1. Just to be sure before I move on: is residue 117 polar (S, T, N, Q) and surrounded by 17 or more Cβ atoms within 10 Å (Cβ to Cβ) in the structure I sent?
2. Return the total of residues in the range 108-137 being farther than 20 Å from residue 53 by Cα and hydrophobic (A, V, I, L, M, F, W, C).
3. Quick one: in the range 30-63, which of the residues that are among the polar types (S, T, N, Q) and more than 14 Å from the ligand (Cβ to nearest atom) is most open to solvent (accessible area, probe 1.4 Å)?
4. Under 8 Å between Cβ atoms, at least 6 apart or on separate chains: pull out the pairs that start in the range 64-80 with a residue that is open to solvent by 30 Å² or more (accessible area, probe 1.4 Å) and end on any residue that is more than 13 Å from the ligand (Cβ to nearest atom) and small (Gly, Ala, Ser).
5. Considering (1) in a helix (DSSP H, G or I); (2) open to solvent by 60 Å² or more (accessible area, probe 1.4 Å); (3) touching a strand residue (DSSP E or B) at 6+ places or on another chain (Cβ under 8 Å), say which one residue 25 fails and leave the rest.
6. Might you let me know whether the range 171-188 holds any residue that is under 30 Å from residue 8 (Cα atoms), crowded, with 17+ Cβ neighbours inside 10 Å and in contact with an Asp or Glu (Cβ under 6 Å, 6 or more places away or on another chain)?
7. If the Cβ limit is 9 Å and pairs must be 6+ apart or interchain, which residue in the range 103-121 that is more than 18 Å from residue 65 (Cβ to Cβ) and aromatic (Phe, Trp, Tyr) pairs with which residue that is open to solvent by 70 Å² or more (accessible area, probe 1.4 Å) and in a helix (DSSP H, G or I)?
8. If you check residue 193 against the conditions, is it touching a Leu at 6+ places or on another chain (Cβ under 9 Å) and over 26 Å from residue 116 (Cβ atoms)?
Amino acid sequence: MMKYDISNQAKLPTRFGDFLTISFREYLADSTIKEHLVVFTQNLSKTPLVRIHSECLTGDVFGSQKCDCGNELALAMEKIAQSEEGGMLIYLRQEGRGIGLFNKINAYALQDMGYDTVEANQKLGFEGDMRSYEIVGEIFKHFNITEINLLTNNPRKIHALEPYAKVVRHSIITPCNPHNKAYLEVKKQKLGHLL
Ligand SMILES: [Zn+2]
């Protein structure tokens with residue numbers, strides 16, 4: 001059984017448009033807490049456009065070009081703001097594919113030495129992708145959502161969400177740059193992303 005609290009709902013005007021927001025505070029088995037954020041449009045339909053974004057501090061906030069997270073986040077917010085069926089961005093606080101910020105920076109240091117993203121995580125003793133999407137099921141329940149248009153290139157994510165909602169995939173393509181070209185290539189080759 002998952003333990004979590006749901007905050008009150010508040011307005012969140014952004015540079016992409018006007019949204020509403022609510023936070024889910026998840027209590028984990030190891031007694032740590034994760035505070036997730038759901039940002040959604042007023043006109044939420046029965047089959048909204050959904051983006052599940054896992055926190056990436058370096059990409060989302062600092063505009064890192066080692067990955068495509070910051071661009072994907074902005075593009076998803078744009079698409080959701082403009083979608084006729086309404087939509088939501090679920091921001092999950094699982095940094096660095098679930099290994100945390102500190103470990104992610106150690107993985108970056110290994111990447112500087114020539115390891116790819118998957119190899120670097122493995123060298124630190126983590127699996128390639130440690131993310132969990134269990135709380136998403138609870139978020140869908142809260143909003144009475146059973147069917148979604150999911151913005152993703154990640155088949156693993158589609159698979160992970162299938163127990164919670166009927167999923168129709170929409171691709172999200174951001175431009176690559178010299179720094180994230182190798183990263184995107186690993187995503188495609190090792191993690192099966194549809195790029
Ligand atoms: Zn990132």
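The values are calculated or read from the model by the stated rules, or taken from the named source; none is laboratory data. These numbers come from a predicted model, not from an experiment. Note: ideal-geometry Cβ built from the backbone for every residue, glycine included; neighbour counts use all protein chains shown. Protein only, heavy atoms only, side chains kept; ligands, DNA and RNA dropped before computing areas. Shrake-Rupley method; radii C 1.70, N 1.55, O 1.52, S 1.80 Å.
1. On the way: polar (S, T, N, Q): yes; surrounded by 17 or more Cβ atoms within 10 Å (Cβ to Cβ): yes.
For residue 117, the condition - polar (S, T, N, Q) and surrounded by 17 or more Cβ atoms within 10 Å (Cβ to Cβ) - is met.
2. 6
3. Result: 42.
4. 79/87
5. So residue 25 meets the others, but not (1).
6. No, the range 171-188 contains no residue that is under 30 Å from residue 8 (Cα atoms), crowded, with 17+ Cβ neighbours inside 10 Å and in contact with an Asp or Glu (Cβ under 6 Å, 6 or more places away or on another chain).
7. Sorted first by the residue in the range 103-121, then by its partner, the pairs are 115/122; 115/123.
8. Taking the combined requirement at face value, the residue does not satisfy it.
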